[in-house]
Amino acid sequence: MKKFYLTTPLYYVNAAPHIGHAYTTVAADVLARFKRLRGESVHFLTGTDEHGEKIEEAAKAAGKTPQAFADETAAKFSGLWPKLDILHDDFIRTTEPRHERRVQAIFEHLLKTGDVFKGVYKGWYCVSDATYFTDTDAPPDEKGRRLCPNAECRKPLTPMEEEAYFFKLSRFAKPLLEHYRAHPEFLQPAHRANEMLRFVEEGLHDQSITRSKFAWGVPVLSAPGHVVYVWFDALLNYITAAGYNPPGLAAAAASPAGAFEELWPADVQFVGKEIYRFHAVTWPAMLMALGLPLPKTVFAHGWWTVEGQKMSKSKGNFLDPMEFVDGYGVDAFRYVLFREMPFGNDGDFSREAFKKRYNSELANDLGNLHSRVAQMVEKYLGGRLPEGRPVDKPTAQGIDVFAQSEKVAAAMDKLLFYDALGLIWEVVRALNERVDKEKPWEKAKTAPGQLPALFFDMIWSLRAVSVWIQPFMPATAAKMQAQLGFKGPVSWESLKEPPAGAAVKKEAGLFPRK
Ligand code: MSP
């Protein structure tokens, strides 16, 4: 059975993880948890990108071997994910034999088919971005310097002339354009897809994919002294980790028959916008060269700035996710990431905005609602909802909760996480309004007979909220569900079950005010 396969980029091990890395990985986790809740079988891959000159240099600066250096930083990534409640199924490091062997076999195979060929590379190289540029990509500036064309980088480029192997990327411009046109869901969001389309329409150059001036990379078997270019190596992780057996791979190293087909093609690949060209152009061309199907969707999200500034080494303003996890709890961190800016856009991460959102939406809107409703059920109904079904379905101030559930699911499926949270908060706010309007404390005196049906409806709605927020805030969802008398494992469909006879109790608040 094909699994829902989703991936994050492999993060470079030259620096510790920050909120930018956390963002993409939590996004993938949110989708993975949503799919699991919907009953799908999921495979979620993340990992680290460990080769290349940049890592070699960082290791040298730290006085370590590249492998020892990579081991240390990779552990920081793999150690952070559980603290962010990320449940990945696999963590690939590009220095693992399962990856390296396959990269080597793929290289040799493409050499045979002719999509990889030998030539001389002349041009410019940015060590920091690990990207090659031609004379026209990087024309000299007014002072005659060649600087990295990436506006975020602008570091001096290194002139390059070396014998190298090339990937025949130019051959794939036409099939790529055909694929983009036939599969509008392939590149998302649409405005970034258009950029890629325009780029490919101008024609593609073959790409140098080996280096011989340094050693920290996957060695090319048939060309001693050459190592595989870090991007060509790293992009392949999405299939090497999935157990792709390239022609020529030693039988002892092969994964069992059918294992790869259970995962590939990937359903969603998340990346940041700055590496979209690699994922929207180079990567699908590599797959075409291998005769493999393309991922269904490659989604490029936007970038966070921090307190109005780009995060950078020189500014020393990398934000550590643990600052927020320690201060507000992991769920609040996960929530704010997707509530503060629409997924796909750019936005600013500020401590003040975080605190405001935490207090108004989590402590006030959701936390208060949950505790006051649970408390009133304890007080007025002795902590137990009526048996039977006093209402047909939950309605929050006129919102049909079941219909809303379909909308939330549709937004999640379209990766519109911000919209999904917006729909959920419509219900949270409506429920708060309902309490204010119906004033159960007055009804307890004037019309106590109405309270069982009212709370039955409210608790049912709150249960739905707890299911919807589960992908974003798993710990909070679990706390709410325990207090709302949910029994057994919860799935997306559980919100349909009426809470007949449920035992409701109020425990410590969900989000203490800060
Ligand atoms: N190693 C390459 C990717 C290879 S994938 C086969 C790389 N690594 S990275 O460590 O630089 O990570 C880049 C990714 O981290 C971005 O694409 C994005 O997913 C995430 N982010 C890093 N900084 C970010 C922000 N400031 N804002 C949002 N996401 C960012 O590139």
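The values are calculated or read from the model by the stated rules, or taken from the named source; none is laboratory data. Fair warning: this is a prediction, and the values are worked out from it, not measured in the lab. Quick reminder, even Gly has a Cβ in these numbers, built from the backbone with ideal geometry, and neighbours come from all protein chains shown.
Considering region 495-514, the residues that are touching a helix residue (DSSP H, G or I) at 6+ places or on another chain (Cβ under 6 Å) and surrounded by 15 or more Cβ atoms within 10 Å (Cβ to Cβ) include one that is nearest to GLU40 (Cα to Cα), namely LEU495.
Looking at region 240-339, the strands (runs of 3 or more DSSP E) lying wholly inside it that each contain 2 or more residues that are within 23 Å of PHE4 (Cβ to Cβ), modelled with pLDDT of 95 or more and near the ligand (Cβ under 10 Å from one of its atoms) sit at 268-272, 297-301. Could you go through region 76-83 and let me know if any residue there is in contact (Cβ under 8 Å) with a residue 12 or more places away in the chain, out of contact with any Phe, Trp or Tyr (no Cβ under 6 Å at 6 or more places or on another chain) and among the polar types (S, T, N, Q). There is no residue in region 76-83 that is in contact (Cβ under 8 Å) with a residue 12 or more places away in the chain, out of contact with any Phe, Trp or Tyr (no Cβ under 6 Å at 6 or more places or on another chain) and among the polar types (S, T, N, Q).
For region 453-505, a residue qualifies if it is over 13 Å from VAL373 (Cα atoms), assigned to a loop (DSSP other than H, G, I, E, B) and of a type in the set (A, V, I, L, M, F, W, C), and the qualifying residues are PHE472, MET473, PHE486, VAL490, ALA500, ALA502. Going by what's in this entry, would PRO489 be described as at pLDDT below 95, more than 30 Å from PHE186 (Cα to Cα), out of contact with any strand residue (DSSP E or B) (no Cβ under 8 Å at 6 or more places or on another chain) and not aromatic (Phe, Trp, Tyr)? Taking the combined requirement at face value, the residue satisfies it. Every condition in (1) of a type outside the set (A, V, I, L, M); (2) touching a Phe, Trp or Tyr at 6+ places or on another chain (Cβ under 8 Å); (3) surrounded by 19 or more Cβ atoms within 10 Å (Cβ to Cβ) holds for TRP460 except the one numbered (2).
Beta carbons closer than 6 Å, at least 6 apart along the sequence or on distinct chains, pair a first residue in region 111-140 that is more than 20 Å from ALA289 (Cβ to Cβ) and more than 16 Å from the ligand (Cβ to nearest atom) with a second that is outside any strand (DSSP E or B) and among the small types (Gly, Ala, Ser) for TRP124/ALA138.
Checked against (1) within 22 Å of the chain's Cα centre (by Cα); (2) more than 16 Å from the ligand (Cβ to nearest atom); (3) closer than 30 Å to LYS60 by Cβ, TRP231 passes all but a single condition, namely (2).
Checking each residue in region 26-58 for being under 28 Å from PHE354 (Cβ atoms), away from the ligand (no atom under 14 Å from the Cβ) and in a strand (DSSP E or B) picks out only PHE44.
Scan TYR23, TYR5, TYR12 and give me the residue that is closer than 22 Å to TRP468 by Cα, in contact (Cβ under 8 Å) with a residue 12 or more places away in the chain, within 14 Å of the ligand (Cβ to nearest atom) and of a type outside the set (S, T, N, Q). Step through it out loud before you land on a result.
Working: TYR5 fails: within 14 Å of the ligand (Cβ to nearest atom); TYR12 fails: closer than 22 Å to TRP468 by Cα.
Answer to the check: TYR23.
Against the condition loosely packed, with under 14 Cβ neighbours inside 10 Å, of a type in the set (Gly, Ala, Ser) and in a helix (DSSP H, G or I), how does GLY449 come out, does it pass? Yes; evaluated as a whole, the condition is true for this residue. Count of region 165-205 residues, restricted to those that are surrounded by 15 or more Cβ atoms within 10 Å (Cβ to Cβ), more than 23 Å from the chain's Cα centre (by Cα) and more than 19 Å from ALA289 (Cα to Cα), is 2.
Within region 93-104, residues that are in a helix (DSSP H, G or I) reach partners that are at pLDDT 95 or above and not hydrophobic (A, V, I, L, M, F, W, C) with beta carbons closer than 7 Å, at six or more positions or on different chains, in the pairs ARG98/THR240; HIS99/ASN237; HIS99/THR240; ARG102/THR240; ARG102/TYR244; ARG102/PRO246; VAL103/ASP233; VAL103/THR240.
Have a look at ALA300, ALA241, ALA280, ALA266 and point out the one that is farther than 22 Å from ALA130 by Cβ, under 22 Å from the mean Cα position of the chain (by Cα) and crowded, with 21+ Cβ neighbours inside 10 Å. Talk me through it step by step, then tell me what you get.
Values: ALA300 fails: farther than 22 Å from ALA130 by Cβ; ALA241 fails: farther than 22 Å from ALA130 by Cβ; ALA280 fails: farther than 22 Å from ALA130 by Cβ.
Result: ALA266 is the single residue among ALA300, ALA241, ALA280, ALA266 that is farther than 22 Å from ALA130 by Cβ, under 22 Å from the mean Cα position of the chain (by Cα) and crowded, with 21+ Cβ neighbours inside 10 Å.
Residues being aliphatic (A, V, I, L, M) and surrounded by 24 or more Cβ atoms within 10 Å (Cβ to Cβ): count how many of those fall in region 38-66. Of the residues in that region, 1 qualify.
Taking region 121-131 as the range and being under 20 Å from GLU50 (Cβ atoms) and of a type outside the set (A, V, I, L, M) as the test, the residues that pass are TYR125, CYS126, SER128, ASP129, THR131.
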